[in-house]
Amino acid sequence: MTWNIFKRIAELEQWVKDLRNFIFENSRRIKQLEDKMRQVENKLFIQAVESKAFSIPADQAREARRLYHREWRAKNKLSEDAREKKNAYARAYYARKKGETNA
């Protein structure tokens, strides 16, 4: 800034003018972004409604979930049985070895 009062006033007026332009541009951009967000939300809402309208009925979804969980439980049951069988063999093996060393 200069010490000349008239130049200082002119610079301050220019700053105010630049700030007003900046605020105007940003408010316009914000408005555009809000409009875009509203459009995207509307599209997502329409897609959600369409997918819900054309989705499989609730009973079929429930049955599919039940089948999935049955298969999941059966798979885990097999691995649990295999683990138990392995542990039983290990217990018997160590019991035999302990019996052989004590005898």
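The values are calculated or read from the model by the stated rules, or taken from the named source; none is laboratory data. Computed from a predicted model, the values in this text were never measured in an experiment. Positions of Cβ are backbone-derived with ideal geometry, glycine not excepted, and every protein chain shown enters the neighbour counts.
Figures for the structure shown
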quantity: So E100, is it surrounded by 10 or more Cβ atoms within 10 Å (Cβ to Cβ), part of a helix (DSSP H, G or I) and acidic (D, E); calculated: no
quantity: Close pairs (6 angstrom Cβ cut-off, 6 or more residues apart or separate chains): without any contact (Cβ under 8 Å) to a residue 60 or more places away in the chain in segment 75-95, outside any helix (DSSP H, G or I) and loosely packed, with under 10 Cβ neighbours inside 10 Å anywhere; calculated: none
quantity: Qualifying residue in segment 60-70 (condition: modelled with pLDDT under 85, aromatic (F, W, Y) and either in a helix (DSSP H, G or I) or loosely packed, with under 10 Cβ neighbours inside 10 Å (or both)); calculated: no
